[in-house]
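Working notes, structure below.
The values are calculated or read from the model by the stated rules, or taken from the named source; none is laboratory data. Owing to the predicted nature of the structure, the values given are computational and were not obtained by experimental measurement. Neighbour counts are summed over all protein chains in view; Cβ atoms, including those assigned to glycine, are modelled from backbone coordinates with ideal geometry.
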Amino acid sequence: MNNDTSENVVYGIHAVEELLKQRIEQVDRVYFEADRKSSALFNLLKLCRKQRLSYQNVPCIKLDSVAKTTKHQGVAAICSAKAYSTVESLMSALEVKRNAPGLLFVPASIEDPRNLGSLIRSCVAFGVDALLLERKNTAPLGDTVAKASAGMIEHLSIMKPRNLEGLIGDLKAMGFFVVGAQHTATTRPEQVDFTRPTIIITGGEHRDIPPYLARLCSSMAGIPISPAAQSLNVTVAGSVLLYECNKQRGFKY
């Protein structure tokens, strides 16, 4: 079937099969028609589960809207606007700058593409080496994200590792300090030593840092704000932590 590149959508059983074989690292989400059953669709769904890809079973009318056609054969995939980087490329980049502390950012469970785009812009502004995303519960890296980033998406290494938890564990073993953003934490950002290699993890719009990532945090940092505000938008909180990190490092880009 066809590939509508302007919307980064691939639809049809054969086309999605080939996409998962050849460019699985560019797949953000797969949509299945909930009421349509076939062995081919079931095999595709099993592959999504095995590869930890984000997928949804949706009504036919929703799938028609995603694919912008009724000839989707019960499946459509959303591809990223930019190819994701690999673990190997990340490790090579960190090796190149081994005399300077690395800085990685993990916006866990971020579902609003505008927020993701804004965070990408902040990451570029504050010298983040790579953005690490969950395979599930994350906004697709599509046109809305690209626009919200004001073009900065092209200047940042972005990854969606198959095993994010394992990768962060490996980075901790290499000396990275993992800091989680938590609005109830009593440790203030300026009390955290950001001069060492650091991974900053934030939660999403509707949930805190997921437990499997919270367990990896060496410290939790809270940003003091007026009680009337209750909490900060994830993009603002992330930017505050990135600013503090760069202030401690002397803004050496």
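Observations
- Residues that are over 23 Å from ASN233 (Cβ atoms) and out of contact with any helix residue (DSSP H, G or I) (no Cβ under 7 Å at 6 or more places or on another chain) do occur in the range 132-142.
Residue-wise test of (1) modelled with pLDDT under 95; (2) farther than 21 Å from TYR212 by Cβ.
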residue: PRO140; (1), (2): yes, yes
residue: ASP143; (1), (2): yes, yes
residue: LEU156; (1), (2): no, yes
residue: PRO161; (1), (2): yes, no
residue: GLY180; (1), (2): no, no
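- Here is the figure for the range 21-61: residues that are outside any helix (DSSP H, G or I), touching a residue at least 24 places away in the same chain (Cβ under 8 Å) and at negative phi total 20.
- Checking each residue in the range 210-222 for being out of contact with any His (no Cβ under 7 Å at 6 or more places or on another chain) and either in contact (Cβ under 8 Å) with a residue 60 or more places away in the chain or of a type outside the set (Phe, Trp, Tyr) (or both) picks out PRO210, PRO211, LEU213, ALA214, ARG215, LEU216, CYS217, SER218, SER219, MET220, ALA221.
- All helices (runs of 4 or more DSSP H) inside the range 113-230 with 1 or more residues being of a type in the set (Asp, Glu) and in the same structural domain as GLU95 (by TED's automatic domain parsing): 143-148, 164-173
- Applying the condition of being in contact with a strand residue (DSSP E or B) (Cβ under 7 Å, 6 or more places away or on another chain), over 21 Å from ILE153 (Cβ atoms) and β-branched (Val, Ile, Thr) to the range 66-99 and asking which residue is surrounded by the fewest Cβ atoms within 10 Å (Cβ to Cβ) yields THR69.
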